[in-house]
Amino acid sequence: MHWHEWYSLFVAQMKETTPLQWIAVALGVAEVLLARVNNVWLYPTGILGTILGIYLLFDVKLYADCALNVYYIVMSFYGWYYWIKKADKPPVEIAWSNRTEWFITLAISIGGTGFLYLCLTKLLFVFPNYTPSNVPFWDAFISATAWAGMWLLARRKIENWLLLNLSNIFAIPLLFYKKLPLFGALTAFLFIIGVWGFFDWIKIYNRDKAAKTTKIPVTE
C-alpha cells in the first residue's frame, strides 16, 4: 500500500471509531501515563478501560480476545493490592528484578507464547466459526510478553517497561500489516511513553536509593 492509501485507511478508521472506543483508548493512554509517573491510579483506570475493551470485543464476537483481557484485569487487581501501602509494612518501592523474578518473567513469556500459539492454531475446535490467525506465533509472542510486562508492573519492577515495549515494537508492524493503522499509531505512541517511563523509573529508583543512603526524606 502507498502512503496515501494508508492515510485514507487511517482517516476511515477515525470516522468509524465510536465514542465508547475513544473512551477505552483514552483510558488505556491514561493508564500508561499514570504508570510512567508511578501512580497507583493506573490500576483502576486500566481496569475500567479493559472492561470497556472486553465489552467492545464481545460485541464484535472476538471471544478469544475477551478471554485474554480477563488476565489484564486479574493482574491489575493484583498490582493494585500489591502497590497499596499496608498498615504493618513499608510501601512497595520501584526496584530491579531479582533472579527469581527474571525466571518467572521468562516462564510467562516463553510458556505463554507456546500456550497461546497452540490456542490460536487449535481454537477452531472450541469456536467452529473462528477464523485462525495467519500470524499465530507473532500474535502469541506479543500477548505473552505483554503478560510478563504486566506481571513485572504489578511487582513494581523497572524491567516491566522493557517487556511491554518488546511487545509493542513487534505489535506496531503487525497492526499495520493487519491494516489497522489507527491502532498501530496508538501502539507507537505507547512505545514512546514506555521508553520515557523506563528512564523515569530509573531516576526514581536512584533518587530513593540516594535518599536512603543520606537519610534525606523523599518528597513527591
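The values are calculated or read from the model by the stated rules, or taken from the named source; none is laboratory data. Please read all numbers here as calculations on a predicted model, not as lab measurements. So basically every Cβ, Gly included, is an ideal-geometry build from the backbone, and we count neighbours across all protein chains shown.
When PHE127 is tested against (1) surrounded by 17 or more Cβ atoms within 10 Å (Cβ to Cβ); (2) at pLDDT below 85; (3) over 22 Å from VAL25 (Cβ atoms), exactly one condition is not met: (1).
Quick grid of which residues meet (1) of a type outside the set (Phe, Trp, Tyr); (2) at pLDDT below 80; (3) surrounded by fewer than 17 Cβ atoms within 10 Å (Cβ to Cβ); (4) under 21 Å from ILE193 (Cβ atoms):
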{"site": "ILE23", "(1), (2), (3), (4)": "yes, no, yes, yes"}
{"site": "VAL29", "(1), (2), (3), (4)": "yes, no, yes, yes"}
{"site": "LEU33", "(1), (2), (3), (4)": "yes, no, yes, yes"}
{"site": "ASN39", "(1), (2), (3), (4)": "yes, no, yes, yes"}
{"site": "LEU42", "(1), (2), (3), (4)": "yes, no, no, yes"}
{"site": "THR50", "(1), (2), (3), (4)": "yes, no, no, yes"}
{"site": "GLY53", "(1), (2), (3), (4)": "yes, no, no, yes"}
{"site": "VAL60", "(1), (2), (3), (4)": "yes, yes, yes, no"}
{"site": "TYR71", "(1), (2), (3), (4)": "no, no, yes, no"}
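Among the conditions (1) closer than 28 Å to LEU34 by Cα; (2) modelled with pLDDT of 90 or more; (3) not aliphatic (A, V, I, L, M), the only one that GLY111 does not satisfy is (1). Within the range 172-220, the residues that satisfy the criterion of being modelled with pLDDT of 90 or more and among the β-branched types (Val, Ile, Thr) are ILE192, ILE193, VAL195, ILE202, ILE204. Number of residues in the range 80-113 that are without any contact (Cβ under 8 Å) to a residue 12 or more places away in the chain and more than 20 Å from the chain's Cα centre (by Cα) equals 10. Counting only residues that are farther than 16 Å from ILE94 by Cα and out of contact with any helix residue (DSSP H, G or I) (no Cβ under 7 Å at 6 or more places or on another chain), how many does the range 20-43 have? Residues flagged as farther than 16 Å from ILE94 by Cα and out of contact with any helix residue (DSSP H, G or I) (no Cβ under 7 Å at 6 or more places or on another chain) within the range 20-43 amount to 3.
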